[in-house]
Each structure stands twice: as structure tokens, then as C-alpha cells.
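Here's the structure, in C-alpha cells; my notes come after.
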Amino acid sequence: MPLNSASVALPDASTVSAASEALARLDTQAFLARLLAQQTPFGELAAVSSFGAESAVLLHLVATLNPMTRVVFLDTGFHFPETLAYRDELIVRLGLQGAQTIGIDPLSEKRYDEAGMLHQTDPDRCCAVRKVQVLKRALRPYGGWISGQKQFHSAGRARLERIEWDEGYNTWKFNPLADWSADRIASYQAEHQLPVHPLVSAGYPSIGCAPCTSQVAQGEEMRAGRWRGQEKVECGLHQNPDVIAVSVG
Ligand code: SF4
């Protein structure tokens, strides 16, 4: 069995293959229910949320199925105040008892970005120390992580699968909403009367750190406001070119 960075025993390929086949027949809720009830070989998983524009949907599903699920929010120190308020509101409204906010440790911040200007001089490095390294630390006790990514977000995410082996984190990654459309997300939010991030109506369909997020004009791709004017399109959390996709749908 392979081990992740915390020496959590991970299932081997044949075990995963059999589990993936069984999971492929399930709808989103049943798929997520199996994962959260630890009725798979992957063990305990953590959900990771940006508490951004569409986050309420995955968080509502998670809270309904198991409110004790660990839900990790990475606090980069540069979030919009609206995002922090929305996080607090959703945690209470949905009863997310396992929610955890985790940020860069003070020593790393002092070493790499004491002035807090790295996002201007080297945004890839900034994301690496304020997001990627922090998530690696947060995921150590878990057999994998659950993300709210969707295929329609961008061309780069169009081939997203529900189960992926993530080389970057050396662990399993689950995308229960991979094939959900924007309409389905909106319908679910409306049906369950979920609170909407306050910046959505101000022209932010995708919301990250304040210095790296701008408003999006009509007709632009929804992530066009992220790192606008730069070649950078992902923060690195989801940018692992060696990902081996396991098709389940
Ligand atoms: S999105 Fe911007 S501010 Fe946030 S971690 Fe990345 S570079 Fe830094």
C-alpha cells in the first residue's frame, strides 16, 4: 500500500479500481454519502472549501450527510472580508461542526513573505506558501480530499473526473460535482435557499484572494477575473499535471 505524507495507508490500485466501479453507478448524493460514511477503501476524508461563489452547494450536501466532516478553509490572509463573513455565516447556517480554518504558520510567513508583497512579485510562490503547503499540512491525517471543482469552470477543468489520484499531494482527490452544470448549481442553491456570497451580485462569479481577483464582464469566462493580465490561471491547489484520472461516470 502506498503512504501519503502523514503515513496514512492508502489503498492499492486494484482495490481502488473495484471501489471506483461500484461508486460509478451512484448519483452525487449517494457517492458523497459513501465517501463521508467511510464506506470506501479511502478512509476518512476532508472537504476543502474556499467559501466562494458556489461553495454553499457542496457544503450543504456535506452538512446534510455528515455535519462532523472536517471542512478545511485555507486562510491566506488576503481574503475579501465578505468571504470571511460568508464563511462564518455558512458554518452556522449549515451546522458545519467540523469546519477548520488553517493558515500559513508564522515562521513560514516571516521567512517567505514577511512584507506581504509576494503576491505582487511572485504570485506562484505566494500561492505555494499560502495555499499549497498549508493544504499539504492540513491533509496529513486524511486518506484524501473532497473538492467542489466543476468541469464547466474553464477549459483546463473540462476533463475533471469524480475520482483522481493527485500526484501533487500524493493522495486521492474526489470531485463529486465534477459534471454539474451552472444551471444545476443555481437550481440547487435556490431549492435549498442557500445564502449567496455577497460579491456574486457585484460581478464576481469566481472569488479568490482580494489582490488577485477582479470583476468579470458579461461574455468572459467565469475565472477571467482571477490573476487578470497574468498567464497564471490556477493557484496550484488543483494544478498537478501528473494527475491520473479514474473515470467513474
Ligand atoms: S491568490 Fe494571490 S494573494 Fe492569494 S495566495 Fe495566491 S498569489 Fe497570494
For the peptides 28-35, 195-202, what is the packing order when you average, over each peptide's residues, the other Cβ atoms within 10 Å and list the highest mean first?
28-35, 195-202
So what's Rg/Rh here for region 117-210, counting alpha carbon atoms and using the Kirkwood radius for Rh?
1.00
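Among DSSP beta bridges lying fully in region 135-249, give the percent that are antiparallel, nearest 5. Please list the in-between numbers first.
Values: 8 of 11 bridges.
Rounded to the nearest five, the antiparallel share is 75 percent.
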If we restrict to alpha carbons, what Rg and Dmax does region 41-145 come to, in Å?
14.6, 44
For region 53-132, averaging the sequence separation of alpha carbon pairs under 8 Å that lie six or more residues apart and dividing by its residue count, the contact order in percent is 33 percent
Counting GluC sites (Glu not before Pro) as exposed when in a DSSP loop with at most 11 other beta carbons within 10 Å, what is the longest stretch of the chain free of them?
115-230
How large is the convex hull of the C-alpha atoms of the chain per residue, in Å³?
123 Å³
Using the Cβ atoms and a cut-off under 15 Å, what net charge is assigned to the surroundings of Q215, where Lys and Arg are +1 and Asp and Glu are -1?
0
Can you tell me what share of the DSSP beta bridges in the chain is antiparallel? A percent to the nearest 5 is fine.
45 percent
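In whole percent, what relative contact order does region 143-240 give with Cα contacts below 8 Å and a gap of six or more residues?
Values: 121 pairs, mean separation 21.0, N = 98.
It rounds to 21 percent for region 143-240.
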When only C-alpha pairs under 8 Å and at least 6 residues apart count, what is the relative contact order of the chain, in percent?
24 percent
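Bear in mind these aren't lab numbers, they're just calculated from the coordinates by the rules spelled out. If you're wondering where the values come from, they're calculated on a predicted model, not measured in any experiment. Cβ: placed from backbone, ideal geometry, glycine included. Neighbour counts: every protein chain shown.
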